[in-house]
Amino acid sequence: MDKVLSQNIRTVCRALLDSKYTARDVTKHALKQIDDTKELNAFITITHKIAIESADRSSENYQMKKPRSELEGIPIAIKDNFCTKNVKTTCGSKMLEHFIPPYNATVCQRLFDAGAVLVGKTNLDEFAMGSGTVDSIYGVTKNVWGSSKGSTDFYIAGGSSGGSAVAVATGSCFGAFGSDTGGSTRNPASYCGLVGLKPTYGLISRLGLIPLVNSMDVPGILTRTVDDCVSLLNATAGPDPKDSTCITKPYTKLRIPPADKLSIKNLKIGIPKEYACEYLDNEVLHTWNEIASFLENSGAHVIEVEMPHTELSIVCYSILNQCEVASNMARYDGVQYGFRANEETSTEKLYAKTRSIGFNDVVKHRILTGNYFLLTRNYERYFEKALKLRRLIATDFDNVFEKVQILLTPTTLTTAPLYSEFITKSNSEQCSQQDYCTQPANMAGIPAVSIPIKLSSAGLPISLQLMGRNFSEPTLLALAKFIENEVKFPHIVEKIL
Ligand code: GLN
């Protein structure tokens, strides 16, 4: 039975339909797996009761041969920055430690309506600001790869959606939602050996995703296979009248043909040379070249392309991020939501004390610098300039997509760093190295997917990224599946079950 947890969603759905086991069995196994791997600290809240109740409802639907979708009875997890009705939603922060939302994020509501079973809310860097899942009040999330039980050092899971990634990698659920503002879904996907999709901005509603950078945030999907990713995308994408930045055209469900029916003949794939930057690890570079040759040999046209503004993306992202963070975080003042400090002398002092105790240093630092960039005297010099630069970065993509359909790059410059090394750097240094390859897609709003390719000589996942023009998910995911079928990445869940 344990093998069930390592299968893909469609196979489990079929087995449930054939009454090989019940949805309650599957959920119980997922909950046991969460318990067996709790040392990795992937979850902030485990929703036992909700999970069993919804699994029982799914079992009834299967008995009547009426599953609501292929997600009926499938255990999933959600990053703890998506609002879940009556379930604590903390953002990994003291500020929201006791926050219980009165409504579901659209993503969650759609997953529940499709029959998915919520097993828990996952760990993240506070308010999704980070690239390691090392900055949560609930502690660090450890990568399942390379971690030996009880050891003091370990590899980081990546971030900020590290909890979601580890939950999927360990087989504690079949898929999980993260968020992606500058790479937070693709980065942990890369380090944990998963498929990580950052969809086109606006394809999936942001309603109920607690905002970090509204103009870049997207819900992201973490799964072990491309098909599972498609299942979660199909359940959640499409217009949402409550999110004005969401698409308004109806979404057509995506079906990717079986791998042996896929052809990439004449597909034009670009290799942007700027991504081969100074800190790129040799093994990652080698893997990138190998896959480029494989695609070329399979009938694609692989050509080198130029994207001259790539290097500036990190500094531009960082300014825009801090400016939007400064205004987004203003809502946490001890009056409306969340933590309230014990301070009765004046309203200003209440705000100050609440915010100084409620936020960690990373959040406070971003609020301060963001407000500095937004001062009347600095606005033009920093914020406006960064906006112009963002346009140039997006134009690089527009130009390159006239020549090629897809870009192939590394997702991260290295494999997962060791925790002891990672925390010697400041949060901004961590992000500027970890997110070099991922942030440009958020600036342009385009879709990108990280796919695991192979294990490094140290036994850690190496992943590559595909990017395409807006709404090119069908091509992107078909190519991802083509590569997945060739590389047959050895998922760890089979080893640890
Ligand atoms: N590491 C980036 C940051 O901290 C990206 C975060 C994210 O995508 N949520 O801003």
### Query
Which condition number in (1) within 19 Å of the chain's Cα centre (by Cα); (2) modelled with pLDDT under 95 is the one that Leu497 fails?
(1)
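For segment 91-138, which positions are among the hydroxyl-bearing types (Ser, Thr, Tyr) and touching a Leu at 6+ places or on another chain (Cβ under 8 Å)? Show your work before the answer.
Just the residues of segment 91-138 that are among the hydroxyl-bearing types (Ser, Thr, Tyr), to begin with: 93, 103, 106, 122, 131, 133, 136, 138.
The answer is Thr106, Thr133, Ser136.
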### Query
Can you tell me which residues in segment 207-254 are acidic (Asp, Glu) and in a loop (DSSP other than H, G, I, E, B)?
Asp217, Asp240, Asp243
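Report whether or not Ile269 is more than 26 Å from Gly163 (Cβ to Cβ), more than 13 Å from the ligand (Cβ to nearest atom) and assigned to a strand (DSSP E or B).
yes
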### Message
Taking the conditions exactly as written (touching a residue at least 24 places away in the same chain (Cβ under 8 Å), surrounded by fewer than 19 Cβ atoms within 10 Å (Cβ to Cβ) and within 25 Å of the chain's Cα centre (by Cα)), does Ala326 satisfy them or not?
### Response
yes
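In segment 412-429, what residues are small (Gly, Ala, Ser), closer than 18 Å to Lys142 by Cβ and part of a helix (DSSP H, G or I)? Let's see the steps before the verdict.
Residues of segment 412-429 small (Gly, Ala, Ser): 416, 420, 426, 428.
Pick out the ones that are also closer than 18 Å to Lys142 by Cβ and you get 416, 420.
The answer is Ser420, and nothing else.
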### Message
Quick check on Gly334: is it in a loop (DSSP other than H, G, I, E, B), open to solvent by less than 40 Å² (accessible area, probe 1.4 Å), in contact with a Leu (Cβ under 8 Å, 6 or more places away or on another chain) and at pLDDT below 95?
### Response
yes
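On the given criteria, is Asp243 within 16 Å of the ligand (Cβ to nearest atom), charged (D, E, K, R) and either closer than 23 Å to Ile367 by Cα or open to solvent by 10 Å² or more (accessible area, probe 1.4 Å) (or both)?
So Asp243 does not fit the description; no.
Could you tell me whether Cys277 is in a helix (DSSP H, G or I) and among the hydrophobic types (A, V, I, L, M, F, W, C)? Reasoning before the result, please.
Numbers: in a helix (DSSP H, G or I): no; among the hydrophobic types (A, V, I, L, M, F, W, C): yes.
For Cys277, the condition - in a helix (DSSP H, G or I) and among the hydrophobic types (A, V, I, L, M, F, W, C) - is not met.
Matching residues to (1) free of Cβ contacts under 8 Å to residues at least 40 places away in the same chain; (2) open to solvent by 10 Å² or more (accessible area, probe 1.4 Å); (3) within 22 Å of Val325 (Cβ to Cβ):
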| position | (1), (2), (3) |
| --- | --- |
| Arg110 | no, yes, no |
| Val117 | no, no, no |
| Thr122 | no, no, yes |
| Thr152 | yes, yes, no |
| Gly163 | no, no, yes |
| Cys173 | no, no, no |
### Candidates Gly208, Gly158, filtered to the one that is closer than 24 Å to Asp228 by Cα and either surrounded by fewer than 24 Cβ atoms within 10 Å (Cβ to Cβ) or free of Cβ contacts under 8 Å to residues at least 24 places away in the same chain (or both)
Gly208
### Task
Return yes when Phe174 is within 19 Å of Pro75 (Cβ to Cβ) and touching a Pro at 6+ places or on another chain (Cβ under 9 Å) and no when it is not.
yes
## Note on the structure
Over segment 337-356, the set of residues among the charged types (D, E, K, R), closer than 9 Å to Met95 by Cα and in a loop (DSSP other than H, G, I, E, B) is Arg340
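Is it the case that some residue within segment 132-139 is part of a helix (DSSP H, G or I) and either of a type in the set (A, V, I, L, M) or closer than 23 Å to Thr225 by Cα (or both)? Walk me through how you get there before you give the answer.
Let us first name the residues in segment 132-139 that are part of a helix (DSSP H, G or I), namely none.
Checked against the condition, which is being part of a helix (DSSP H, G or I) and either of a type in the set (A, V, I, L, M) or closer than 23 Å to Thr225 by Cα (or both), segment 132-139 yields no hits at all.
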### Query
Looking at Ile319, is it in a strand (DSSP E or B) and either modelled with pLDDT of 95 or more or over 21 Å from Gly183 (Cα atoms) (or both)?
no
### Message
Could you check segment 61-98 and list, in sequence order, the residues that are of a type in the set (A, V, I, L, M, F, W, C) and surrounded by fewer than 17 Cβ atoms within 10 Å (Cβ to Cβ)?
### Response
Met64
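Could we say that Thr185 is under 14 Å from Thr411 (Cα atoms), polar (S, T, N, Q) and within 16 Å of the ligand (Cβ to nearest atom) here? Lay out the reasoning, then the answer.
Values: under 14 Å from Thr411 (Cα atoms): yes; polar (S, T, N, Q): yes; within 16 Å of the ligand (Cβ to nearest atom): yes.
For Thr185, the condition - under 14 Å from Thr411 (Cα atoms), polar (S, T, N, Q) and within 16 Å of the ligand (Cβ to nearest atom) - is met.
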#### Entry: Looking only at segment 119-131, and only at residues there that are part of a loop (DSSP other than H, G, I, E, B) and near the ligand (Cβ under 10 Å from one of its atoms), the one that is nearest to Thr438 (Cα to Cα)
Ser131
### Query
Is it the case that some residue within segment 217-227 is touching a residue at least 12 places away in the same chain (Cβ under 8 Å) and over 17 Å from the mean Cα position of the chain (by Cα)?
no
### Summary
Given the conditions (1) open to solvent by 10 Å² or more (accessible area, probe 1.4 Å); (2) part of a loop (DSSP other than H, G, I, E, B); (3) farther than 21 Å from Val226 by Cα, every one holds for Val144 apart from (3)
### Task
Within segment 267-285, count every residue that is within 27 Å of Glu402 (Cα to Cα) and either free of Cβ contacts under 8 Å to residues at least 40 places away in the same chain or aromatic (Phe, Trp, Tyr) (or both).
4
### Query
List the pairs whose first member sits in segment 486-497 and is farther than 13 Å from Asp36 by Cβ, whose second member is part of a helix (DSSP H, G or I), and whose Cβ atoms are under 7 Å apart, counting only residues at least 6 apart or on separate chains?
Glu486/Phe294; His491/Ser6; Ile492/Ala169; Glu494/Ser6
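The values are calculated or read from the model by the stated rules, or taken from the named source; none is laboratory data. Being a predicted model, the structure only gives us computed values, none of them experimental. Cβ coordinates were reconstructed from backbone atoms using ideal geometry, including for glycine residues, and neighbour counts include every protein chain displayed. Surface accessibility is based on the protein's heavy atoms, side chains included, excluding ligands, DNA and RNA. Shrake-Rupley method; radii C 1.70, N 1.55, O 1.52, S 1.80 Å.
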